[in-house]
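Data first, discussion second: the structure below is written as structure tokens.
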């Protein structure tokens, strides 16, 4: 209800302008598409600075964004029913590829994530990011909610297995996102608070076991470094120290576009990808950062509204899970760059340089748009 | 079925309600977490902004030290002795090289690169960072620089760097006095102030370069440089200019020094000439010598081995560190001691038969003149260098009084000259022998001590300074090689203030005359042992010859120059000052393995004194 105030034109959805009608025919949501486009432009502007004005890189990223928007547009044309129908199959395909990666995948940066399909290399864990919430939503779609205990166990198994396989690659960041997206569906499906509390209590010994038996050395080191970056100022702690310096030195108004000393003098690692937020923050300051957070908040708010107005259990759960997962991306990335969370290697949606996760995210926005626009067509 | 569908419908409403409730909770959670992010960013960017700004600036700017220009060294007449020449160094930056070995091969086709160069280069590569510039060849010739310049386009990561290198234009002349600088070694780093020497590449190792390192070095400057995380310079900002080291003027007279060094011919030895009026060292010779330029950029192992292993020890500074028995040059001092202690009077004579014996002892202490000097008084004993007279005199004076009196001239102690590593020599005494050798003093030892043999050891510098003390009749000064310092940009140089030492006050000042007259007769008297050098002199000199035995002869054995191998031949010594009535220069010198002092050492003194006094005359 709050969101109606954030997006006032929502109240007037029945009196649509010609432009809106066209958007609706194209199955595009006005608020989402404008915010996403704005975000993409901001992303290109920051990348221009972060890449030291590398036009080649910028062209590459523009192409990826274009691809992302095309994927989004195509997915938006599918009806929610079609999406629902394909949910289990997409999951099965994704899971098979995930297992395949473990067996024959390429090793990049010490982790097996990529599946090479001739000229194309593909990260099945990215597909899983969409397929998993789709499957869980599908799993709950035609059942009585809140789910029975056995259903909850079933759902847990369904998302725990692929999460575990991804963690084996090892890709802790994606595994966390997968676990989160599954959990969101469970939560939105009405998982009892009692069960939630028990789950959290069970999580503590699980984490303990994970720490001692389930984690790679570099993952453990990241956690330790997060807890105290000063222990390793030139090694793993360097990332966090330098990015907080970048953000902190930005001040209220920032150092100005292309003027970030931390970023341009190479002190900031991964500044085009995972740590691009620090470049943005250094150059545009607190005010710029607030505006960026606001832009993300608008997208998330619109997503939540779409979820509340979705007409079936499936669309509702899926839309909710997608937008909350999107939030998780934003929160974890900004949290880690600003030193609130450990470094887990999650990109900042639409801003970070990189292709695969961008396409995944845009595909999920396609689903959101499909849910938002087909509902109206059905209702008229 | 109907019941079921009704149930589902009811549930559908409930589910919607449940979902809306849940998404509201989630939305609230999102808002709380967004707020947390905003607070975190606010904390970093607003509250902690100053802190992180400082850290960011620290990251950004580095102070790059700038080396000061080393002070120049001149002689007393303003002749340049040490200068800084721009030399070209070939430097390679490994990070910028496409392939190190290829580049080296290409370079070898253009210029000569020795194995030593390569060894040093590979050693440095391991120590430095990849984007540091590492020197491969020093002192490129103009032609070599040109060859590299022409091929620069196919030599990325290679550059020719111009830097100031120390150069000694007179080569080996006065090298023991001037010394040299060399590249700072690991050992040096332990001792040097790391801030002050942050950019300096050379440090004084020997001689004046070492002794006056502090004055010559100057003060380091700084340049604020914006750097990136790899340490590469991006932009240069303001800084502090380095303060160049002060130029210094030595008291050395290069002309006198040259005359002295050339007069030695092929002989080894040492000579020190002092202005007795202010303690200035006019010449400081130690032969053989070496080319200090060899050491500046690292001497190659073979040359160093050659210098170091040479039996004539060219790296050894004989003037300050050579310890020689003074021989008969000590007689004027011992004679003065006897006069002051009333052991003898100027009139007292003894008969010299050519040998001396102690009571109850068969041993013959021989005089250098086999037939003896006949009736001899003190003046004659000095002029003709009668040993027998001094055997008797020493025995009557005794070692304690002799040692006490001679200590006033600075024997057995460092002179305190402003150069490093001076040795103290040895003035023998009863206590010394008991302490060092755990033995009592024997009268026979007193006898030979009287003619400057036995345990006696003096450095040429000590002997020169003692001679200067006779010239000034007891007024003693600390010898020094620094004449003046001249700060760059200041009009007048600042003169060095000589340091006075305790004067020698005689109870009977007329004793000076007795001794000095006798020394005058050594050169200008008809029987003087150095009468050859007084011929045609425009001034009057006073001096004393000496001969120091390198090895002892058995009693009755005859010293035969032809039979004794060269390095065991006697050292020739000579001390002198001139003009007698107004002394301007005092000289002490030794010519190793040359034989008698009168014939072999005295002529050098004449040339040196001539050179100096003629110059003085021209000045007036």
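Mind listing whichever residues of region B:253-279 are outside any strand (DSSP E or B), surrounded by 23 or more Cβ atoms within 10 Å (Cβ to Cβ) and touching a helix residue (DSSP H, G or I) at 6+ places or on another chain (Cβ under 6 Å)?
Within region B:253-279, B:256, B:260, B:276 qualify.
Taking the criterion of being modelled with pLDDT under 95, within 20 Å of residue B:275 (Cβ to Cβ), in contact with a helix residue (DSSP H, G or I) (Cβ under 8 Å, 6 or more places away or on another chain) and surrounded by 15 or more Cβ atoms within 10 Å (Cβ to Cβ), would at least one residue in region B:486-502 satisfy it?
no
How many of the residues in region A:326-352 are at the interface with another protein chain (Cβ under 8 Å from one of its Cβ atoms) and assigned to a helix (DSSP H, G or I)?
4
Residue by residue through region A:308-325, note down the ones that are at the interface with chain B (Cβ under 8 Å from one of its Cβ atoms) and touching a residue at least 24 places away in the same chain (Cβ under 8 Å).
A:313, A:316, A:317, A:320, A:324
Within 14 Å of another protein chain (Cβ to nearest Cβ), part of a helix (DSSP H, G or I), out of contact with any strand residue (DSSP E or B) (no Cβ under 6 Å at 6 or more places or on another chain) and crowded, with 18+ Cβ neighbours inside 10 Å - does that describe any residue in region B:94-104?
no
Got a sec? Which of B:538, B:558, B:562, B:554 is over 26 Å from residue B:356 (Cα atoms) and modelled with pLDDT under 70?
One residue alone meets the criteria, B:562.
Kindly indicate whether residue A:28 is part of a loop (DSSP other than H, G, I, E, B), surrounded by 19 or more Cβ atoms within 10 Å (Cβ to Cβ) and at pLDDT below 95.
Yes: the conditions hold for residue A:28.
Tell me, please, whether a residue that is closer than 20 Å to residue A:244 by Cα and touching a helix residue (DSSP H, G or I) at 6+ places or on another chain (Cβ under 9 Å) can be found in region A:322-330.
Yes, because at least one residue in region A:322-330 is closer than 20 Å to residue A:244 by Cα and touching a helix residue (DSSP H, G or I) at 6+ places or on another chain (Cβ under 9 Å).
(1) within 19 Å of residue B:18 (Cα to Cα); (2) within 12 Å of chain B (Cβ to nearest Cβ): which one isn't true of residue A:180, the others all being true?
So residue A:180 meets the others, but not (1).
Taking the options B:400, B:392, B:421, B:387, name whichever one is without any contact (Cβ under 8 Å) to a residue 40 or more places away in the chain and assigned by TED's automatic domain parsing to the domain that holds residue B:521.
After applying the criteria, what remains is B:400.
Which residues, counting only those in region A:251-277, are part of a helix (DSSP H, G or I), at the interface with another protein chain (Cβ under 10 Å from one of its Cβ atoms) and modelled with pLDDT of 90 or more?
Correct list: A:277 only.
Can you pull out every residue in region B:346-372 that is out of contact with any helix residue (DSSP H, G or I) (no Cβ under 6 Å at 6 or more places or on another chain) and under 19 Å from residue B:520 (Cα atoms)?
Within region B:346-372, just B:347 meets the criteria.
Restricting to region B:32-45, name every residue that is closer than 22 Å to residue A:302 by Cβ and within 8 Å of chain A (Cβ to nearest Cβ).
Correct list: B:33, B:34, B:36, B:37, B:38.
Could you list all residues from region A:193-227 that are at pLDDT 85 or above, within 14 Å of chain B (Cβ to nearest Cβ) and surrounded by 11 or more Cβ atoms within 10 Å (Cβ to Cβ)?
Across region A:193-227, the qualifying residue is only A:196.
Going by what's in this entry, would residue B:464 be described as free of Cβ contacts under 8 Å to residues at least 24 places away in the same chain and either within 35 Å of the chain's Cα centre (by Cα) or not in a helix (DSSP H, G or I) (or both)?
Here the answer is no, as residue B:464 does not meet what is asked.
Picking from B:88, B:138, which residue would you name as being over 30 Å from residue B:288 (Cβ atoms) and buried (at least 17 other Cβ atoms within 10 Å of the Cβ)?
On inspection, the qualifying residue turns out to be B:88.
Scan region B:142-201 for residues that are loosely packed, with under 14 Cβ neighbours inside 10 Å, over 30 Å from residue B:241 (Cα atoms) and in contact (Cβ under 8 Å) with a residue 60 or more places away in the chain and jot them down.
Passing the criteria: only B:156.
When only residues in region B:46-71 that are within 7 Å of another protein chain (Cβ to nearest Cβ), more than 15 Å from residue A:261 (Cα to Cα) and assigned to a helix (DSSP H, G or I) count, which is nearest to the chain's Cα centre (by Cα)?
The selected residue is B:51.
Kindly indicate which of B:336, B:320, B:282 is buried (at least 24 other Cβ atoms within 10 Å of the Cβ), out of contact with any strand residue (DSSP E or B) (no Cβ under 6 Å at 6 or more places or on another chain), modelled with pLDDT of 90 or more and within 21 Å of residue B:82 (Cβ to Cβ).
From the options B:336, B:320, B:282, the qualifying one is B:320.
Among B:292, B:325, which is surrounded by 24 or more Cβ atoms within 10 Å (Cβ to Cβ) and out of contact with any helix residue (DSSP H, G or I) (no Cβ under 9 Å at 6 or more places or on another chain)?
Testing whether each residue is surrounded by 24 or more Cβ atoms within 10 Å (Cβ to Cβ) and out of contact with any helix residue (DSSP H, G or I) (no Cβ under 9 Å at 6 or more places or on another chain) leaves just B:325.
Could you please find all residues in region A:278-296 being closer than 20 Å to residue B:60 by Cα and within 8 Å of chain B (Cβ to nearest Cβ)?
A:281, A:285
The values are calculated or read from the model by the stated rules, or taken from the named source; none is laboratory data. Note that the coordinates shown come from a computational prediction; the quantities given were computed from them, not determined experimentally. Quick reminder, even Gly has a Cβ in these numbers, built from the backbone with ideal geometry, and neighbours come from all protein chains shown.
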